[in-house]
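Let me begin by presenting the structure, written as structure tokens, before commenting on it.
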Amino acid sequence: LAVVNSPDAPRLTIAATMTNTLVIAWPSASTGFTLQTNLDLGTANWGDLPAFSDDGTHRFVIVNPAAGSRFYRLFKP
């Protein structure tokens, strides 16, 4: 897992669950950011993950781990 921080970007966390899924989360107060995914860092093929949940502290998505690599970023247009 590689992390590249931008000065104004919120912290993105990824944690494994006991049900073999991943929780990808960032602070609820971070507005204007979209979670995106890409299969290859060498391309510009980032796609939005449109649905997320918000528990009042964190915005988050739950994903099933896929075979191979998958990369995530928060993007602010």
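Some notes on this structure:
- Extents of the chain, largest first, come to 32, 31, 21 Å (Cα atoms, principal axes, whole angstrom).
- One decimal place: the segment Ile14-Phe52 gains 12.3 nm when fully extended, by the rule 0.36 nm per residue minus the C-alpha distance.
- Label-reachable residues, the stretch 49-77, where backbone N falls under 19 Å from a point 7 Å from Ser28's Cα toward its Cβ: 51-62
We did not get these values from a lab; they are worked out from the coordinates using the rules stated. Remember, it's a predicted structure, so these values are computed and weren't measured experimentally. Note that each Cβ is placed from the backbone with ideal geometry, even for glycine, and that neighbours are counted across all protein chains shown.
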